[in-house]
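Here, each number is a calculation from the coordinates, and none is a lab measurement. The shown structure was predicted, so the numbers you read here are calculated from the model rather than taken from an experiment. All Cβ positions, even for glycine, are placed from backbone atoms using ideal geometry, and neighbour counts span all protein chains on display.
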Amino acid sequence: MSLGLGCPGGVRISKEGQIVASQLVTDLTKSIEACDTIEALEGVRVSIFGKKGILTESMKGLAQCSPDEKKVRGKELNDSKEILEALLLERRAVLSLSKIQEEVAKAWGDITLDSQEVWEGKLHPLTRTQERILEFFGSRGFHFAQGPQIETQDNNFTFLNMPDHHPARQSQDTFYLKAINPDKSNEPLLLRTHTSTVQIRQMQHQKPPFRLLSLGSVFRSDYDATHTPMFHQLEGLVIEKHIDMGHLKGILTDFLTYFFDDKNLKIRFRPSYFPFTEPGAEVDIGYSLHEGKVRLGGDEKWLEVLGCGMVHPNVLKNCAINPENNQGFAFGMGLERLTMLKGGMSDLRPFFEGDLRWLSHYGYMAMFKPLLGQGDI
Amino acid sequence: MRFSMSWLKLFLTTTATPEAIAEKLTDLGLEVESMVDEGKEYAPFKVVRVMEVSPHPDADKLNVCGVDQGDGVLLQIVCGAPNVRVGMLAALAPVGVTLPGSTIKMKAAHIRGVESFGMLCSAKELGLGGDGSGILDLDGGTPGQSLGDLDGFSKSVFEVSITPNRADCMGVYGIARDLAAGGLGVLKDLPVGDSEIEAMHTKVGGLRVSVDLGLTPSACPEFRACGMSDVRNGESPEWLKAFLEVAGLEPISALVDITNFISLSFARPMHVYDLDKIKGGLTVRFAAENEIFSALNGKTYQLTPDMVVIADEDSVCSLGGIMGGMDSRCTSETQSILIECALFDATLIGKTGQKLKIISDARSRLERGVDPQSTLFGLSYGVRLIKEICGGSVSFLESYGGVSRAPLVLSWDDEVFVQKTGVSLQEGEGLSILKRLGFIHKGGREIEVPSWRLDVSLLEDLIEEVIRIKGYDSIPLKELGSFSTRESRSEGEAQRKLFHTKHVLAHSGLNEVITYAFIHPKEAALFGDLDERRYLDNPLSPELSVMRPSLLPGLIKVLEKNNTHGIGDVGVFEMGSIFFPREGITEEKSVAGVLRGMANPLNWRGPSRNYDFLDAKERAFKMIRAWDIDERALEIDRSELPSWLHPKESGRIYGKGEKNRGKNLGYFGTLHPQVIQALDLSKREPIACFEINLDRLGRLRNKKDGGSFCPSAFPKVTRDFSFLMNAHKDIGPLLEKIKKVDGSLIEKVIVFDIYQGKNIDSSKKAVAFRVWISSMEKTLTDHEITDLCTRISSVCEQEGLLLRA
């Protein structure tokens, strides 16, 4: 490369009195390549392109050249400028890359450490069960209804076709309160023994057709590994035209298959008795024992999971619904039992003891959105 | 109900295996809880008939026999038993069988040169005891039958759970009837009774028994009594004892055992008195107030006038239909007896049994409903068995009541059956099933309900009978069609919010627990009141006896429980009902949390601190925000704080504005140290807590109005301020005032430091806060910003605060 730079400016001048541009580029290239920090490179850049830089000064010198010379030398200077700029840019890229590499090489992040700065709360497994139930039935046209835990004897028994001194009344180990039913003197209130009370409340206040679902606490005076004085039930009621036992069997089969997430789950319907259903049924699911633990599936053994049936005509009559042209079904199940089967728990009592070790094992993480999303509930 | 295969076979002719019977029972609605086949090991043994016996050519004591296994082909067996003879039925252990109690497998063998394909067994070899000197001489069975199916060998014991409606199945005969209807055999006729009783059953007496029930003869609609003399009340025969043992009853004496056997077989309770211990005549009457009854179970009861008793001149001999008396019971010395077979009102029996807390076999049957046509059969069959086992003769028979009621006739309808069950029927199938169950077809659609089916009163009951015999497996799976509810969704919406709340609280580090709705009275007193209406009438224990006025006591127990496991840093919440003594007692939905210990996990990044009342407040408000409630609609203060909260470190949350004025939504704060002391907690450490009434929150009339989104396009600046203020003064109102200096420019004000301690008067605190300033209209000039800051400072100074630095 040969550059002819004919102007003064601290650049070397040849014997012929000409600036040897190529020598300048060669020298500056050396000093650029000698830079091993971004800071040094910046110093070189200033010495070339700064206000008093070599090239800046040379450019200024052009003013004194003849037009012809200006043309030739101006081009030579511009060429040199481009070359040097490119060199600087390249060197800067190399240096900043090596700087990053150096920093990265120096760094150390201990990936084995944890940084939990806030506690993580777990939700109770029963909540999960309830959400799954609401999700399932909500998307099938069931609407949610709630009922009180403190009930009258009429709602808990009489209207459900269990008149005074019906043997079933005694079999339920009812908790009675000292508080008296305000509408019936001398009759103590009670803690509901089942969520079937919600059926009564619904049917007394609404006219069919309806599909309803209720969840809640119920109470019975009993305490051992599989009984606690308080537990939870799910209650479903469907009163519509043309609803028969086939629909009952269908929806419960679907529900259990969904809940246990097992398409091959064995489900058995067998006749049973509840005063408020006729015909009545109980539903079992198949399981087998493996090293003492319940494993769902198969039909080696059966475990009862719920009670159901066609609503007894007397119950409809008690709620002023004509059984001649209305029929439907009801079902109820214990949420703890479902949860225990799903989660593999063998003892019911810890559900209500608040032991955080148990909860951290069986509980579940909060989600940003609870499950019961899209349903109609 | 517990019974054995051989008991069932007294009433049912069947070839079904115990497994098939167990499966069928469950399908019929008679749920088998367990079925143990103790005779299973005999299943591979066979009944054979000895057809040929000839001496062994090489051994004096052995015989070579040909036995028939039912197929007519003779099998050669070498046998050493002296009692083997042609024509006898014997038990064969075929090749491949293992003898009970041994591990040796039967093999085909050459015995002194003669082939033998198995062994004829002695009682001893079958593990049945005895001396083993001869082979077992079977008195029943057919060649080829499995020994395990033979009475005495089949020891299958069923335990069946009988639903309360099936009083008829509280006896083995009723179970046999259902099985026969279900196609597993043929029901035998009821056993024949005593001919003497049958002949004189209409005799109405008055010699030894009278009935005096005043205006309520329905309390005992039928009473039959039979006197017998010269009976010997010894031990029962083996067969009877064996049945009772299967049922789980202790054999007592022949007389008692016989009545128990009849009760267990035919659901027909009876009672036997020692006639010699009865003074004068027996009267069926109502008890006198406080009359004393000393019962067979060794206990003494005080009776009331609504209870039916059978009493002699001196005392009560029996509590009608529930339990006999101690003084008139039969013993081994008993010689003359009075057998009672009666009906009592089911409701009265239930009431009496409940009141006195007596549970007996008789009560459980009579209160469910005993076949009203069964008194004569019971008495007659009882007398027959007593005569057979104890001897004796009938001395008198007396009967009262027993007016027969018209049988119930229902109308069967195939169409309704299909409509209810979704299962179609063949022509006449429904009627045929009902007939197999003992229902009587009166012609057309008319069906007469048998006397023992007191549970059947509607067409729906008949439908259940038919579908359970047909089998629930026959019901098709159908899908519910689409349905759109006409109901309002508000309850569902409320429910969704409740679940959302749980997730929000769990996100904020709290664990969800569920505790019992009833607590100890001491806790209720500390966290509310001890109104009588809160009490359970029949609590399990004092700890679970009072309906809770607050969720906090249960949650505090959870803290303590975890503390015993070495978990001291606990944040928990619960959502549940709390109760108030209004209109009887009412319940409201609540959510509460308690927090104790470190507010964040031990962490290498920085120091940990303990939970305090502001952590509780933060959770409470986070949850409220999740309900889409505008926080600006809420007010907090320290007024009307409940007694269990620290009066200085707690706040009440209530609604602002006309509609919500004074509506308490809940509280947050620290538990009052006195409460911590009163509860005698393991630690004196402060407990932060909150409790929000969700019913009231749901009724709050201040839903958030989003407005429109219009962010400022101009730069934002911040300025920090630091003040000294009275340590016992809230900062909140000051922040509100500062915001009001210029609502359009001040975006937010946040406290970022509070300092008390060194270099500061102990009655003061240094507060530093940052103000975010921006305008919707322009970039603010330095001058405008300085001016705003001066106005902020002067507001602070007006409040009597000192600008610090």
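Which value, to two decimals, describes the C-alpha radius of gyration of segment B:422-577 once divided by 2.2 N^0.38 Å?
Relative to the 2.2 N^0.38 Å estimate, segment B:422-577 comes out at 1.85.
Inside 10 Å of the C-beta atoms of A:210-219, what's the mean count of C-beta atoms belonging to other chains?
The shielding value for this peptide is 3.
Output wanted: per-residue J couplings in Hz (rounded whole) for segment A:339-350, from phi through Karplus 6.51 cos²θ - 1.76 cosθ + 1.60, θ = phi - 60°, x for Gly and Pro.
Once θ is set to phi - 60°, the couplings for segment A:339-350 become 5, 5, 5, 6, x, x, 7, 10, 10, 7, 4, x Hz.
Any lysines with Cα under 16 Å of the B:K622 Cα? List them, leaving off those in the same chain fewer than 8 positions away.
A:K369, B:K497, B:K502, B:K703, B:K704
Running a GNM on chain A with Cα contacts under 10 Å, which residue among A:L55, A:L252, A:L189 ends up with the highest mean-square fluctuation?
Greatest mean-square fluctuation among the candidates belongs to A:L55.
When the chain is fully extended, how far beyond the present Cα-Cα distance does B:D637 get from B:I104, taking 0.36 nm per residue of separation?
Result for the pair: 183.1 nm of gain on full extension.
Using a 10 Å cut-off around each Cβ of peptide A:275-282, what is the average number of partner chain Cβ atoms that fall inside?
Taking all residues of A:275-282 together, the mean is 5.
Can you spot the aspartates and glutamates whose alpha carbon is less than 17 Å from B:K764's alpha carbon? Ignore those fewer than 8 places along the same chain.
B:D730, B:D753, B:E797, B:E799
Can you pull out the trypsin sites (Lys or Arg not before Pro) in segment B:30-80 that DSSP calls coil and that have at most 10 other Cβ atoms within 10 Å?
Here the trypsin sites (Lys or Arg not before Pro) that fit, given the DSSP loop and packing criteria, are B:K61.
Taking only the C-alpha atoms, wrap a convex hull around the protein assembly as shown and report its volume per residue in Å³ as a whole number.
Cα-based convex hull of the protein assembly as shown, divided per residue, equals 332 Å³.
Taking amide hydrogens as modeled 1.01 Å from N in the peptide plane, which residues meet the under 5 Å criterion relative to B:L12, leaving out close sequence neighbours?
B:K188
For segment A:8-106, give the magnitude of the charge dipole about the Cα centre (Cβ charges: +1 Lys/Arg, -1 Asp/Glu; no others), in debye to the nearest 20.
Once rounded to the nearest 20, the dipole reads 300 debye.
What residues qualify as long-range amide H neighbours of B:I653, i.e. H under 5 Å apart, gap of 5 or more or another chain, H built at 1.01 Å from N?
It is B:L665, B:G666, B:Y667, B:F668, by chain and number.
Quick one: 3J(HN,Hα) in Hz for segment B:668-685, Karplus 6.51/-1.76/1.60 with θ = phi - 60°, rounded, Gly and Pro as x.
Ordered by residue, 3J(HN,Hα) equals 9, x, 10, 5, 4, x, 5, 5, 4, 5, 4, 7, 6, 6, 5, 10, 8, 3 Hz.
In a GNM of chain A with a 10 Å cut-off on Cα contacts, which of A:W302, A:W108, A:W358 has the highest mean-square fluctuation?
A:W108
Let's test the formula: R0 of 56 Å, r as the Cβ-Cβ distance of B:N83 and B:K355. What FRET efficiency results, to the nearest 0.05?
Taking R0 as 56 Å, the efficiency between B:N83 and B:K355 is 0.35.
GluC sites (Glu not before Pro) within segment B:734-780: which are DSSP loop residues with at most 15 other Cβ atoms inside 10 Å?
B:E777
What length, rounded to one decimal in nm, is gained on full extension from B:S54 through to B:R405, with 0.36 nm per residue of separation minus their alpha-carbon distance?
119.5 nm
May I ask you to give the average projected area over all directions of the convex hull of the Cα atoms of segment A:125-376, in nm² rounded to one decimal?
Quarter of the Cα hull surface area: 14.8 nm².
If you count, for every residue in A:228-238, the Cβ atoms of partner chains within 10 Å of its Cβ, what is the mean?
Average neighbour count from other chains, rounded to a whole number: 2.
Using only the alpha carbon atoms of chain B, find the Kirkwood hydrodynamic radius as the inverse mean reciprocal pair distance, in angstroms to one decimal.
In chain B this quantity evaluates to 35.5 Å.
Which GluC sites (Glu not before Pro) in segment B:262-330 pass both tests, a DSSP loop state and at most 12 other beta-carbon atoms within 10 Å?
B:E289, B:E313
Which lysines, if any, have their Cα less than 25 Å from the Cα of B:K357, not counting same-chain residues under 8 positions apart?
Candidates past the 8-residue exclusion: A:K178, B:K299.
Can you run phi through the Karplus equation (6.51, -1.76, 1.60; θ = phi - 60°) for segment B:584-590 and list ³J(HN,Hα) in whole Hz, with x for Gly and Pro?
These are the phi-based 3J(HN,Hα) values: x, 8, 10, 10, 9, 7, 9 Hz.
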